[in-house]
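Data first, discussion second: the structure below is written as structure tokens.
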Amino acid sequence: MSTDMHNSAHGTGNSPVHKDVSFEPRDLNPGIIIRYLVYLAIVTGISLLICLYVYRFTTNLAIEQERQTSPVRRSVRAIYPPEPRLQGVPGHTTDPQQDLRNKMKADAEANEQLQWIDQKNGIAQIPVEDAMKIIAEKGLPVVPTPPAEKQK
């Protein structure tokens, strides 16, 4: 809107109703505003109908996919988490702490065994402490380093 004085006659005489603001009747067209609000309401209604259609379509699709699974599978899926099941969750029958203790015990026993791995080639398994003593007495075997390849 303009604050300039116009040559239109409204209010008393040639002066505007408000001393800082004046306007022409053509500055405000209520028909345009009403048409805009009607168009906005129509577009909003159409958008709502599209959203409802998409919502119902996806809901029906999910229901159809749920129906395709067998009743046994649905009951198992409701109770247990999906595969692979980790230790300590419903559906896993053993205690994870006991499993860890059993594993550590088996590893310790395997480290203390004395047996032949390949008797022909002279490869044997000895306890770790004995192997550490042998290496401390004799040292590690010296392996020659291969010559460096020449780059072209």
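Since every read-out is calculated from the coordinates, none of them should be taken as a lab result. These figures come from a predicted structure and were not determined experimentally. All Cβ positions, glycine included, derive from the backbone under ideal geometry; neighbour counts span all protein chains shown.
Quick look at the values:
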| item | result |
| --- | --- |
| Exposure proxy ranking, count of Cβ atoms within 10 Å, fewest first, for E66, E149 | E149, E66 |
| Pair C51, D99: separation of 7 Å Cα→Cβ label points (nm) | 4.6 nm |
| Gyration tensor verdict on the range 96-138 (Cα atoms; rounded if a/c is under 1.5, prolate if a/b is larger than b/c, oblate otherwise) | oblate |
| E64, E112 arranged by Cβ crowding within 10 Å, fewest neighbours leading | E64, E112 |
| Length added when fully stretched, A148-Y39, from 0.36 nm per residue minus Cα-Cα | 31.2 nm |
